[in-house]
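Input: a single structure, listed below in structure tokens.
The values are calculated or read from the model by the stated rules, or taken from the named source; none is laboratory data. Keep in mind that what you see is a predicted model, and the values were worked out from it rather than measured. Neighbour counts run over all protein chains shown; Cβ positions are idealised from the backbone, glycine included. The area values use the complete protein model at the heavy-atom level, side chains included, leaving out ligands, DNA and RNA. Shrake-Rupley method; radii C 1.70, N 1.55, O 1.52, S 1.80 Å.
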Amino acid sequence: MSNSKSIFELKQQYENIKQIAYNHIQNSFSFYKIAYRELLTFELKLHQKSKIYISSFMCNGIESMKQGKNTISEEERRIIDETDFVDHYSKYNIFVWIKRYYRLHKELYRQLYEHKKYSRHLLFCLKELNNDLQQHQHVMVVKEIFPYIDLIREDLLTITSLKFEIFDCYTLIEQMFLFDPIMDINDFLSLINIRKERETLEVINSLPEKVSIEDFENAVFVEGIEDDSNYYLRDSMIKHIFKVRDANPTLAKEMDKQIGIDMIPTMSVSFDDYGEVSEIKQNPPKLKIVK
């Protein structure tokens, strides 16, 4: 007895998959559009908060203008007018906004992953349906289905390739240290969730009362004193490093050489029309002539 499905059964299967796929595609693109706009709006807020801090910092430098300077330029007057309302703005507010941004990005990325995961499932179902339909490819009613399968496949593949670029928040932290190069250790520790380990306590005890950007980077990035469940500062540093690396091919090549990445065996992966791995092969090694 043959296990092959009839044309009627395959057409019914196609209609079911089509309806499910269309709803999923519409929901996924709608989610991505809203989420992308939400992240972009938050990034603009980060810029605004950073500008407010800079203005607040400038207030201290131009206080003498307000009190004793008789003649000031129009530009100086504009600065004074714009900064009057932020005299007491805390420079550490930017850390709160960066943490909120990473929390939002993480949640939206989780939701996007679910959309991608279901898209891959539908692609698998679509591939199996397409293979079954190939047995009846000369039948007119089946021929009419193939173009629609291709359209659905392309949309699902597009969803699997969607991603959210992450804003380089660490530039704002660098900017803060540029204007005020020293941070009180208590302020620093209040900004992070600390790992509950003896080694972490030893690192904290070794920090000076006034933390420089070098101390800050060493504690966060090298020693990793943030809790693994919420390491927004370390994450922002790592993403900043890779953004700088990707923008500078010469630097990227030198970093790979120093770390030894250029000597690690690499693989080439090929994918079929439905996004599934079709072939994996090792690339030729990069050999060096030793004299």
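Of note:
- Computed magnitude of the charge dipole of segment 201-291 (debye, nearest 20; Cβ of K, R +1, Cβ of D, E -1): 740 debye
- Near Val211, the amide H atoms lying under 5 Å from its own belong to Met183, Asp184, Ile185; only residues 5 or more places off or on other chains count, and H is placed 1.01 Å from N.
- Solvent exposure, largest accessible area first (probe 1.4 Å, DNA, RNA and ligands not counted), of Ser229, Ser119: Ser229, Ser119
- Only lysine pairs 8 or more places apart, or on different chains, with alpha-carbon atoms under 22 angstrom apart are counted in segment 154-291, and they number 11.
- Hits among aspartates and glutamates - C-alpha to C-alpha of Lys106 under 15 Å, sequence gap 8 or more where chains match: Glu38, Glu43, Glu114, Glu165, Asp168, Asp228, Asp235
- For segment 206-268, the Stokes-Einstein estimate of translational diffusion at 20 °C and a viscosity of 1.002 mPa s comes to 155 µm²/s, using the Kirkwood hydrodynamic radius over alpha-carbon pairs.
- Over segment 145-214, equivalent-ellipsoid semi-axes from the Cα gyration tensor in Å: 49, 18, 7
- Remark: C-alpha extents of segment 159-272 on the principal axes read 55, 35, 33 Å, sorted largest to smallest.
- Sites matching GluC sites (Glu not before Pro) across segment 179-275 that sit in DSSP coil, with at most 10 neighbouring C-beta atoms within 10 Å: Glu209
- With R₀ set to 51 Å, the beta-carbon distance separating Phe242 from Glu15 gives a calculated FRET efficiency near 0.65.
- Neighbour cut-off at most 12 other Cβ (10 Å), DSSP loop, GluC sites (Glu not before Pro), segment 119-188: Glu144, Glu165
- Taking Cys125, Cys169 and ordering them by how much accessible surface each has at a 1.4 Å probe, largest first, produces Cys125, Cys169.
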